[in-house]
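Structure first, then comments.
All of the numbers you see were taken from the coordinates with simple rules; none came from a lab. The model shown is predicted, which means the values in this text are computed figures rather than measured ones. Cβ coordinates were reconstructed from backbone atoms using ideal geometry, including for glycine residues, and neighbour counts include every protein chain displayed.
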Amino acid sequence: MQLTTQQVEDFHNHGVIVARGVLTDADLQPVIDELSAWIDERALTLHAEGKIAELHEDAPFEQRYGLLFGQCQDIGQGMDIMFYRGRAMFNFLHNAHLLDAVEGLVGPEITCNPIQHLRAKPPVTFDPHTGPSFHVVPWHQDAGVMMPEAEGSNVVTCWLPLGDATEEMGCMQALP
């Protein structure tokens, strides 16, 4: 799905947009299915180690990770894209709907940079008394970890929640 003229203008004026409806459920379902299988395998391993008592196999995708995380925070170890390289995730990186939207912002020459992450975000937020958990990413600019040669390049970060992203869940915040 191509972005509207207003969305492109807003992006160039503010550096950030929320582009709802770019992806369909069919675009995301293979990734969700693959992640569900990974979570199943990880949960079974932790269950065998006695770290998880309840597998929550019937819980919906949007809730299961949080339920497992509540029993053992190790559930997410290895779920970042540098360790987890599934076929559905790879295919998603060149999803036509996603690329159409990005093309409207940077033009037709699109590359996928190596600053990618897959972050399972349980429903936790920053606690001023105990500090952030490892799931809380401090304020930063993605450009801060790029090579100097990338200076001046048009770089777009696409943040895609696979479930409801609400303030109560501790969702991402962006500053224009």
P(r) tail fraction, segment 5-169 - alpha-carbon pairs more than 22 Å apart, %: 53
Inter-label distance, nm, simple model (7 Å from Cα along the C-beta direction), residue 150/residue 4: 3.1
Residues in segment 67-97 reached by a label modelled at residue 53 [backbone nitrogen below 11 Å; 7 Å Cα→Cβ]: 71
Neighbour-limited loop hits for GluC sites (Glu not before Pro), segment 142-176 (at most 14 other Cβ within 10 Å; DSSP other than H, G, I, E, B): 151
Size of electric dipole in the chain: Cβ of Lys, Arg +1 and of Asp, Glu -1, about Cα centre, debye, nearest 20: 260
Which of 61, 13, 114, positive extreme of dipole for the chain (C-beta unit charges): 114
Cα gyration tensor shape of segment 42-84, rounded if a/c is under 1.5, else prolate or oblate by comparing a/b with b/c: oblate
Sorted by Cβ density within 10 Å, fewest first, the residues 38, 159: 159, 38
Centre separation in Å (Cα based) which lies between segment 82-105 and segment 1-48: 9
